[in-house]
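Novice: The structure under discussion is supplied below as structure tokens; questions concerning it will follow.
The values are calculated or read from the model by the stated rules, or taken from the named source; none is laboratory data. It should be emphasised that the depicted structure is a prediction, and the values quoted were computed from it without experimental measurement. Don't worry about glycine lacking a Cβ; one is built from the backbone with ideal geometry, like all the others, and counts go over all protein chains shown. Calculation scope for accessible area: heavy atoms of the full protein, side chains included, ligands and nucleic acids excluded. Shrake-Rupley method; radii C 1.70, N 1.55, O 1.52, S 1.80 Å.
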Amino acid sequence: LITYLKDYPYGCTEQLVSAAFPSVMFGADAELGLDPKDVARFTKRAFQALSSRQRADGSFGLWDVHSAPDPLFSVYAVHFLLEAREHSFDIPEQVFERAMTWLRTMGETPSYDTSTQLAQAYALYVRARSGERVTKEAEALVADLDRQWKGAWRESAISLFLAGSFKLLQMDGEASALLKRP
């Protein structure tokens, strides 16, 4: 996989982040085929791309600052920046802070679209990972989802992100309830 990523020919935001994520998580690791130059190259390219593609609201354009953002890929980019920060990489802090501000606004408008709701659940998970208390927002999203979709949403990745958020908030009962299958 690392060999494939080293020559990855595509350059949208999601793909650049995906190529750099192993470098952040594993660092230089000869066993994985990552040397320090690879780590520096992948992370520098991703940080530069995110810096140049960040929109005024804090989300990220898919190809450049002018292209439409994809909420899920934008949250993925923020997750990448959070992981990089936690692994002691020198991230673009202003980019990260604007992106975190954007994450906080994601759930302000109710959504009736499962792909947006997935991005909202992922955003809550990333915010919880960063140390924020997102209890009210997570509970509100669960209530909205139950009202809109009954239990059907609980079979999707939305429930996994919300369970992860609840677990990080030390709300083990709520997390377990979302992971149980009938």
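Novice: Between 14, 108, 31, where does the largest GNM mean-square fluctuation fall for the chain, given springs only between Cα atoms within less than 10 Å?
Specialist: Sorting by GNM fluctuation, first place goes to 31.
Novice: Can you tell me the relative contact order of the range 1-67? Whole percent, Cα pairs under 8 Å, sequence separation 6 or more.
Specialist: 31
Novice: Using a Förster distance of 30 Å, how high is the FRET efficiency between residue 160 and residue 97, based on the Cβ-Cβ distance and rounded to 0.05? All intermediate terms of the calculation are to be shown ahead of the outcome.
Specialist: Working: r = 27 Å, r/R0 = 0.90.
It comes out at approximately 0.65.
Novice: Using θ = phi - 60° and the Karplus curve 6.51 cos²θ - 1.76 cosθ + 1.60, what whole-Hz ³J(HN,Hα) does each residue of the range 61-73 get, with Gly and Pro shown as x?
Specialist: x, 5, 10, 7, 4, 8, 7, 5, x, 10, x, 5, 5
Novice: When the chain is modelled as a GNM with alpha-carbon springs shorter than 10 Å, which of 74, 165, 115 fluctuates the most?
Specialist: Between 74, 165, 115, it is 115 that shows the largest mean-square fluctuation.
Novice: Starting from the 7 Å offset along Cα-to-Cβ, what nm value, one decimal, do you get for the label separation of residue 86 and residue 51?
Specialist: The answer from the label model is 2.4 nm.
Novice: Quick one: what are the phi-derived ³J(HN,Hα) couplings along the range 101-111, Karplus 6.51/-1.76/1.60 with θ = phi - 60°, whole Hz, x for glycine and proline?
Specialist: Couplings: 4, 4, 4, 5, 8, 4, x, 5, 10, x, 10 Hz.
Novice: A follow-up question, please. At 1.4 Å probe size, with every protein chain present, just tell me what the per residue accessible area of the chain comes to in Å².
Specialist: Per residue, the chain has 52 Å² of solvent-accessible surface.
Novice: Residues with amide H under 5 Å of residue 34's amide H, sequence separation 5 or more or different chain, H placed in the peptide plane at 1.01 Å from N; which?
Specialist: Amide H neighbours of residue 34, under 5 Å, 5+ apart: 29.
Novice: Here's another thing I want to ask about it. Principal axis extents for the chain, Cα atoms only, whole Å, descending order, please.
Specialist: 49, 38, 27
Novice: May I pose another question? Over the C-alpha atoms of the range 1-52, what are the Rg and the largest Cα-to-Cα span, Dmax, in Å?
Specialist: 10.2, 33
Novice: Separate question: What's the lysine pair count for the chain at a Cα cut-off below 23 Å, pairs eight or more apart or interchain?
Specialist: Here the count comes out as 8.
Novice: Which percent of the accessible area of the chain is formed by carbon and sulfur heavy atoms (probe 1.4 angstrom)? Spell out each step's value before the answer.
Specialist: Details: 5330 of 9510 Å².
With neighbouring chains kept in place, the figure for the chain is 56 percent.
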